[in-house]
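Data block below; observations after.
The values are calculated or read from the model by the stated rules, or taken from the named source; none is laboratory data. None of the values given here were measured: they were computed from a predicted structure. Neighbour counts run over all protein chains shown; Cβ positions are idealised from the backbone, glycine included.
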Amino acid sequence: MSKPKITPLGDRVLVKQVDEDEQIKGGIIIPDSAKEKPQEAEVVALGTGKKDDAGNDVPFQVKKGDKVLISKYGGTDVKVDDVEYKILREEDILGIVA
């Protein structure tokens, strides 16, 4: 994956949503417009970080390349060079997928 042309600021994280495999059960095909967005994503870039009240850097709990679960409605969708990303705060990340 090439380096994106966008760098998040503060405690924000840039992720690329992972496409889920399409599974057809019972012969019913669900159109793309009716499918939910996947909640699994890959961390592409980290922001500059967050500071606590004393001015100390607070380390990120995720790192580039981690597979994470994100909240359904959190973040902002962005499209760069026909690739869709999402920028969200680290607190909108629900967990790391092992």
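When Ser71 is tested against (1) under 19 Å from Val97 (Cα atoms); (2) surrounded by 12 or more Cβ atoms within 10 Å (Cβ to Cβ); (3) modelled with pLDDT of 90 or more, just one condition goes unmet, and that condition is (3).
Among residues that are under 10 Å from the mean Cα position of the chain (by Cα) and either at pLDDT 90 or above or farther than 22 Å from Pro4 by Cβ (or both), Leu46 is not included. The condition of being part of a loop (DSSP other than H, G, I, E, B), modelled with pLDDT under 90 and surrounded by 16 or more Cβ atoms within 10 Å (Cβ to Cβ) holds for Pro4. Within region 71-98, the set of residues being among the hydroxyl-bearing types (Ser, Thr, Tyr), under 10 Å from the mean Cα position of the chain (by Cα) and more than 17 Å from Val18 (Cβ to Cβ) comprises just one member, Thr76.
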